[in-house]
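Input: a single structure, listed below in structure tokens.
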Amino acid sequence: MLPGTVFTVERLDFGKLADALAALDSHLLALGDEAVAKKEHVRRAVLGGVVHAFAIAYEVARCHIQKRLGKIFGKERTCMISKRELFSLAEEIRLISDAERWIDFHAFRNASSHNYTGEALEKCVEIASKFLVEGRILLERLAND
């Protein structure tokens, strides 16, 4: 999101977040498929899909956090803050439970977007699985607020 961007949506739609989390879940589940496990090139393709699905789900979740905080603290305050401040505020209002974990998600999202080596792909499964849990918690908290 560009600095200075002003949100005009007052009612948040959580469908995109739910869809992004479902896509990530589908990619992670596909890794357990026997046919995928048998062929390394297919497994690597699915791992690439996990990286992509994680990046999308993370960005959609982050945008929802920023929109919610903008409604609470004012759009002017939340548009120009760092990710660390963003996630700290979100933790403060109990939108997320661990700001440091979300900062790690952010760092990994940035690092993984240009690195498709075997080690990075394998690490993404671990991170994406943790993110999926946190993303579902976020979705529930957003929907129930």
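The values are calculated or read from the model by the stated rules, or taken from the named source; none is laboratory data. All figures in this text were calculated on a predicted structure; none of them were measured in a lab. A quick note on method: Cβ atoms are made from the backbone with ideal geometry, for glycine too, and the neighbour counts reach across all protein chains shown.
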| Wholly within segment 47-128, which helices (runs of 4 or more DSSP H) include no fewer than the required count, namely at least 1 residues that are under 16 Å from the mean Cα position of the chain (by Cα) and either buried (at least 20 other Cβ atoms within 10 Å of the Cβ) or modelled with pLDDT under 95 (or both)? | 83-92, 99-112
| field | Residue that is farthest from ALA57 (Cα to Cα) [pool: residues in segment 12-38 that are free of Cβ contacts under 8 Å to residues at least 12 places away in the same chain, among the acidic types (Asp, Glu) and part of a helix (DSSP H, G or I)] | value | GLU34
